[in-house]
Amino acid sequence: MAAFAAALFTFLQALFQWTLDGGLFVLKSFFYLIFDGLLTCISALFTAIDLSNFVAAYAMSWAGVPTQMIWFINAVSIPAGILMLSAAIGIRMAINLIPAAFTRI
């Protein structure tokens, strides 16, 4: 009788493990399909936008800037400052999406 109970327990444990693995596989596949489809749509949208003329025109507008001004802009780290400010604003906006109940201790 003990061997039967042990075998039954082992079978139920294997069945539960198989069911859990299958459920997690289905859940991961479901979220992967949704996320992959979303990223494919976003990629298609960015591919459809043609920015070649804009980039060329933007580069030509900076072509007339004197080299001393370009050196000064890089010396005072204006691009790095703009990057840090935009990253801080983006992080702040992302944090504002979290409800206040979770952020206040």
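Every number in this text was worked out from the coordinates using simple rules, so none of it is lab data. This one's a predicted model, so the numbers in the text were calculated from it and none came from an experiment. Ideal geometry is used to build each Cβ from the backbone, glycine not excepted, and the neighbour counts take in all protein chains shown.
The table below lists the values:
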read-out	value
Boolean, Ile42 is surrounded by 10 or more Cβ atoms within 10 Å (Cβ to Cβ) and out of contact with any strand residue (DSSP E or B) (no Cβ under 9 Å at 6 or more places or on another chain)	yes
Checklist (1) surrounded by 10 or more Cβ atoms within 10 Å (Cβ to Cβ); (2) of a type outside the set (Lys, Arg); (3) not in a helix (DSSP H, G or I) applied to Ser29, failing item	(3)
